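Only one structure is covered here, and it is reproduced in the block below.
The values are calculated or read from the model by the stated rules, or taken from the named source; none is laboratory data. Just so it is clear, the model here is predicted, and its values are computed rather than measured. Ideal geometry is used to build each Cβ from the backbone, glycine not excepted, and the neighbour counts take in all protein chains shown.
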Amino acid sequence: MQSETTAELSLFQLSERAFGSNPKTDEVTAFTTRLSAQPLFVRGMRDPTTPGALHISFIDSADGDESYVTLATSRELAESLPGDGTEDNEFISITGKDLLGFADQGHITALIVTSDSNDDDILIPARTLDLLAKLASLLSNEAPHQPPSEAAIRAAYPTEFAHWLYDYCRANADISEARLALALVGNGGVPDVVVALKARSEHSHMERISAESRRLMRPGQVFYTEDKLAKMGPEGTLSADLQRHRPLYSHNHSQSWWSRMMRKLKPAPLVVINVALSDDATQ
């Protein structure tokens, strides 16, 4: 029996493959490409004072760190979307490319209604939306080919996250070293963030650090662990690049009050690495 081609699969079916436990490169890129071109309907208002400007209905999370938006793949399905009850609230037609563009504005989780059944809804968590937006940029011809300026790189450094990471490592005795770097992935223009740890319980620590990064990193930035980012480039190059620079945290650092104060006052080491994408970069 012949397997279905990508063109024969629905957006929901493509999402199941892309968000599976071990997706293939072509499955992730196929979903990203289809989503970018997908017409979507969302509640919001058109700004009468600024042609083309839209005000989309987002719902903020309780802690204010994340926003949620619900969309539908057809005008009929959009009737079920939640609204704010105002007369000006209307259905606005956008594309998946517009949705991916929202990732640059903040940490946004999207729910896409694709049929009358809730089982066919596509939930895209904020971190996944950031990754898809990055991938869509790399797949398109619109990705910048000029590297960001030094000023743009410095502006992208997540200072608050770096301070939090240092204090977290200092509070956990099994962490011996932590490295933090900005990563220029492929020809993308927005530096992302990569963290490498040396610890006995590395996996559990990375889960905590990854969760905190969502709150403290800049909108549009993607958080990578060293092993995840290493799969995107030539074998061994990322670890070698990271090891050439001094770590953000080391258990050998002095923890006297003077040393702690000086670390707070002076900038953390600005480490920037370039990641040349391999053929299996999206796996």
Cβ-Cβ distance below 9 Å, separation of 6 or more or different chains: which pairs start in segment 239-263 with a residue that is surrounded by 11 or more Cβ atoms within 10 Å (Cβ to Cβ) and end on one that is assigned to a helix (DSSP H, G or I) and of a type in the set (S, T, N, Q)? H253/S259
Those residues of segment 122-137 which are surrounded by fewer than 17 Cβ atoms within 10 Å (Cβ to Cβ) and free of Cβ contacts under 8 Å to residues at least 40 places away in the same chain amount to L123, P125
Might you check whether a residue that is assigned to a helix (DSSP H, G or I), touching a residue at least 24 places away in the same chain (Cβ under 8 Å) and within 25 Å of G220 (Cα to Cα) occurs anywhere in segment 184-193? no
Output for segment 137-179, where each listed residue is modelled with pLDDT of 85 or more, of a type in the set (G, A, S) and in a helix (DSSP H, G or I): A155, A156, A162, A171
When you look at L197, is it closer than 20 Å to P23 by Cβ and not in a loop (DSSP other than H, G, I, E, B), yes or no? no
Just to check your reading of the model, which residue among A62, A103 is surrounded by fewer than 20 Cβ atoms within 10 Å (Cβ to Cβ) and modelled with pLDDT under 80? A62
Which pairs do you get when a residue that is touching a residue at least 60 places away in the same chain (Cβ under 8 Å) and within 12 Å of A78 (Cα to Cα), found in segment 27-44, comes within reach of a residue that is surrounded by fewer than 19 Cβ atoms within 10 Å (Cβ to Cβ) and among the charged types (D, E, K, R), reach meaning Cβ atoms under 8 angstrom, with the pair 6+ apart or on two chains? L40/D98
